[in-house]
Amino acid sequence: MSTSVLQLALVDPDPIFRLGLKTSLQAVSGLQVVADGPTSLSVLEQLPSSEQENAQPPVNLVILDWSAQENPPEPQWQALQQAYQPWESRYPQLGVLLLTGKADLETLAFAQVLGVRGYCRKGMAIADLIQAIRTCATGETYGFAILEPSPAAPLRGRMLARWRDRLHQSGIEQIESAIAELSGYLQNPALPVLERAVIAGRLRELAAARWVVNQLLAASPSPNNAPPIPPPPENTTAKRPPINPRSALVPAAESSLNPQSEMALEGSLNRLFAALEAQLQYSLKNLTDEPLEIDILREEKRRELLKIILQRLTETVRELQLGQVNVLSLSQKVDAILQDLWSASITDFFGKYYHIKIANTEYDLVPILLENIPRIQSEILKKIPLVLELFSYWLYETPLMIENVLYSYGTPEADKRAEILAQNLIIQVANAVIQPLLNRFADIVEIKQDFYDKQLLSTREIERFRNDLSWKYRQVELFGEPQNMFESQYVLLALDYRGIKKVKIYHPRRQELERLRGVRYAVTLLLEARDAIAPRIRAILSFLGSGVIYLLTQIVGRGIGLIGRGILQGLGSSIPESRFSRNSDSRK
């Protein structure tokens with residue numbers, strides 16, 4: 001590493017700011033940015049690694065920002081710790097300069113104890129930033145003078161913090177009360193569609209207001225939540241123990257989750273799962289033209305089941321994150337993951353010890369339902385589309401293909417597509433939970449009393465519902481799926497404030513189309529023949545229709561017009577003659 005040129009590593013989640021800063025620093029003599037990226041792990045991958053215990057760092061200074069994403073993990077000091085720890089583990093003597101848009105005093109104090117050499121706010125003059133970089137590169141500190149308040153500042157700070165906490169708590173309580181009241185109104189199945197839409201809009205406004213209050217009046221950390229201050233190092237060259245014991249078990253160079261840090265994953269998943277949970281507060285009425293297994297449940301039971309599956313899905317993603325599962329292993333475990341999600345949801349929804357009585361004999365319900373795993377796997381779980389793409393997007397920042405365009409991780413389009421895929425996954429798993437119940441115990445009195453909608457209690461209605469489901473699966477298997485493959489699309493089930501609706505998304509399905517045989521293949525041939533013949537038949541019918549119109553208007557119509565004109569002329573000439581004859585008779 002050259003001593004005449006300061007070599008820098010730049011970590012910032014904002015690609016536009018990162019590019020501008022890199023360009024500005026590269027234009028300065030004596031500074032060179034040798035690596036940059038959105039996370040610490042991604043930048044470390046760009047640097048040469050060394051197997052020596054105290055290897056010389058390949059750069060002189062790291063410029064670090066961890067808070068540019070929309071919803072960074074709370075509290076701030078934990079997010080800083082996650083971003084700083086990979087550098088401290090590999091190069092404990094390397095200097096770090098914080099360049100961030102916002103940081104509270106507690107976080108800055110924690111950063112100084114960690115060993116961070118400097119702090120600068122974004123927006124400062126480039127000359128001042130260059131001075132801070134050169135200062136920190138020499139081993140000195142920069143920018144921490146703000147941590148030395150005046151003697152009167154602690155008292156004013158505590159009074160302001162208490163007033164802010166009371167105001168924050170009061171505002172949140174009022175908002176939560178209004179949200180609970182409006183959510184209760186939405187439970188009424190007889191609520192008109194227009195009023196339901198208005199209430200849904202008010203709920204979104206209240207959610208936005210709650211977010212604003214949390215951002216502006218965030219509660220000050222209590223002593224119990226203060227960051228644990230690690231002991232100061234004995235010397236700056238000795239390697240300090242890692243702060244996060246779990247991350248120390250997997251070295252940064254061998255981590256399977258290299259494409260994103262744990263902090264970024266947590267923020268993305270929190271936003272997604274919060275949006276999904278908010279959608280479950282609205283109506284869950286089936287708005288499609290096909291029956292769903294969950295239609296037989298009361299709406300509150302439907303909502304309870306979907307929330308259980310969402311919670312289990314959240315736990316599954318966390319376990320995959322902690323397990324450091326690589327991409328290849330994930331693709332091989334998708335079926336097992338869905339099967340575990342289904343079986344855990346059944347156990348949680350019905351209860352591990354829920355039993356029913358048939359002919360004076362009691363049976364445990366859950367073990368009997370779990371015997372249907374092979375059938376459920378083949379009929380429902382394996383047919384849920386784009387599950388591997390969804391988990392890869394969450395865990396590895398894999399871009400999502402939308403309308404034949406790749407959208408990178410974190411973009412609004414990609415997040416919206418991931419939300420729709422997750423909604424479809426949750427609804428289909430819920431259908432899979434209810435299907436074995438309908439196949440084995442559909443007409444048991446205890447089951448009907450505990451779970452069924454009041455309109456589907458009679459044996460006749462239950463059998464009609466089961467027949468409709470059976471016909472739906474046959475129709476989809478023989479006609480619906482071949483047509484969707486031929487049209488390169490998936491039909492997903494998504495949540496709306498009005499209920500559950502169908503959403504069609506484009507996705508190439510050429511390989512599936514080539515594997516079709518028998519009746520399903522014949523359906524695609526008929527569709528192709530219709531596409532080839534229908535335009536020609538329409539053109540012929542249009543030509544014949546134009547000919548008939550010409551014949552009726554130009555020939556027959558004109559002929560009828562001439563006949564009518566002759567009749568009128570004959571009538572007009574006969575009227576004066578009759579008058580003349582009557583006048584001559586009167587003279588006589």
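Screening ILE294, ILE346 for residues that are more than 21 Å from GLN455 (Cβ to Cβ), crowded, with 20+ Cβ neighbours inside 10 Å and at pLDDT 90 or above leaves exactly one candidate, ILE346.
Every listed requirement among (1) out of contact with any helix residue (DSSP H, G or I) (no Cβ under 9 Å at 6 or more places or on another chain); (2) within 30 Å of LEU287 (Cβ to Cβ); (3) modelled with pLDDT under 70 is met by GLU234 save one, (2).
Testing TRP394 on (1) surrounded by 12 or more Cβ atoms within 10 Å (Cβ to Cβ); (2) modelled with pLDDT under 90; (3) more than 30 Å from PRO412 (Cα to Cα), one condition comes back false. Which one is that? Among (1) surrounded by 12 or more Cβ atoms within 10 Å (Cβ to Cβ); (2) modelled with pLDDT under 90; (3) more than 30 Å from PRO412 (Cα to Cα), TRP394 violates only (3). Of the residues that sit in segment 424-477 and are among the aromatic types (Phe, Trp, Tyr) and in a helix (DSSP H, G or I), which one is surrounded by the most Cβ atoms within 10 Å (Cβ to Cβ)? Top of the filtered list is PHE465. Of the residues in segment 498-546, how many are of a type in the set (Lys, Arg) and either touching a Phe, Trp or Tyr at 6+ places or on another chain (Cβ under 6 Å) or part of a helix (DSSP H, G or I) (or both)? Selection size over segment 498-546: 5. Taken as a whole, the structure places LEU365 among residues that are more than 30 Å from TYR506 (Cβ to Cβ) and surrounded by 21 or more Cβ atoms within 10 Å (Cβ to Cβ).
With respect to the conditions (1) surrounded by 21 or more Cβ atoms within 10 Å (Cβ to Cβ); (2) in contact with a strand residue (DSSP E or B) (Cβ under 9 Å, 6 or more places away or on another chain), ILE376 falls short on a single one, namely (2). How about segment 83-110: which of its residues are modelled with pLDDT of 80 or more, touching a helix residue (DSSP H, G or I) at 6+ places or on another chain (Cβ under 7 Å) and buried (at least 22 other Cβ atoms within 10 Å of the Cβ)? If the condition is that a residue be modelled with pLDDT of 80 or more, touching a helix residue (DSSP H, G or I) at 6+ places or on another chain (Cβ under 7 Å) and buried (at least 22 other Cβ atoms within 10 Å of the Cβ), then ALA83, TYR84, PRO86, TRP87, GLY95, VAL96, LEU97, LEU98 are the ones that fit. Would you confirm, using the coordinates I've provided, whether SER331 is in a helix (DSSP H, G or I), among the small types (Gly, Ala, Ser) and more than 21 Å from the chain's Cα centre (by Cα)? Against the criterion (in a helix (DSSP H, G or I), among the small types (Gly, Ala, Ser) and more than 21 Å from the chain's Cα centre (by Cα)), SER331 does not qualify.
Just the residues that are farther than 21 Å from PRO13 by Cβ, modelled with pLDDT under 85 and not polar (S, T, N, Q), please, taken from segment 111-126. The answer is VAL113, GLY115, ALA125. Of the residues examined, ASN467 is not one that is touching a residue at least 12 places away in the same chain (Cβ under 8 Å) and either touching a helix residue (DSSP H, G or I) at 6+ places or on another chain (Cβ under 7 Å) or of a type outside the set (A, V, I, L, M) (or both). Inside segment 499-520, residues that are under 30 Å from LEU186 (Cβ atoms) and either modelled with pLDDT under 85 or assigned by TED's automatic domain parsing to the domain that holds VAL193 (or both) make up a count of 0. Residues in segment 185-200 that are outside any loop (DSSP other than H, G, I, E, B) and either within 11 Å of TYR282 (Cα to Cα) or among the aromatic types (Phe, Trp, Tyr) (or both): TYR185, LEU186, ARG196, ALA197, ILE199, ALA200. In segment 114-125, the residues that are more than 21 Å from TRP87 (Cβ to Cβ) reach residues that are part of a helix (DSSP H, G or I) with C-beta atoms within less than 9 angstrom, at least six apart or across chains, in these pairs: MET124/ALA132. Residues in segment 305-326 that are surrounded by fewer than 15 Cβ atoms within 10 Å (Cβ to Cβ) and in a helix (DSSP H, G or I): GLU315, ARG318, GLU319, LEU322.
I'd like to verify a number: residues in segment 400-423 that are closer than 24 Å to GLU487 by Cβ and within 13 Å of the chain's Cα centre (by Cα), how many?
Residues of segment 400-423 closer than 24 Å to GLU487 by Cβ: 400-407, 413-414, 416-423.
Right, trim to within 13 Å of the chain's Cα centre (by Cα) and you get 400, 413-414, 416-423.
Of the residues in segment 400-423, 11 are closer than 24 Å to GLU487 by Cβ and within 13 Å of the chain's Cα centre (by Cα).
Would you mind stating whether ALA252 is surrounded by fewer than 17 Cβ atoms within 10 Å (Cβ to Cβ), closer than 30 Å to SER42 by Cα, modelled with pLDDT under 90 and out of contact with any strand residue (DSSP E or B) (no Cβ under 8 Å at 6 or more places or on another chain)? For ALA252, the condition - surrounded by fewer than 17 Cβ atoms within 10 Å (Cβ to Cβ), closer than 30 Å to SER42 by Cα, modelled with pLDDT under 90 and out of contact with any strand residue (DSSP E or B) (no Cβ under 8 Å at 6 or more places or on another chain) - is not met.
The values are calculated or read from the model by the stated rules, or taken from the named source; none is laboratory data. Bear in mind the structure is a predicted one, so any value in this text is a computation, not a measurement. Because the Cβ atoms are built from the backbone with ideal geometry, glycine has one as well, and the counts that use them run over all protein chains shown.
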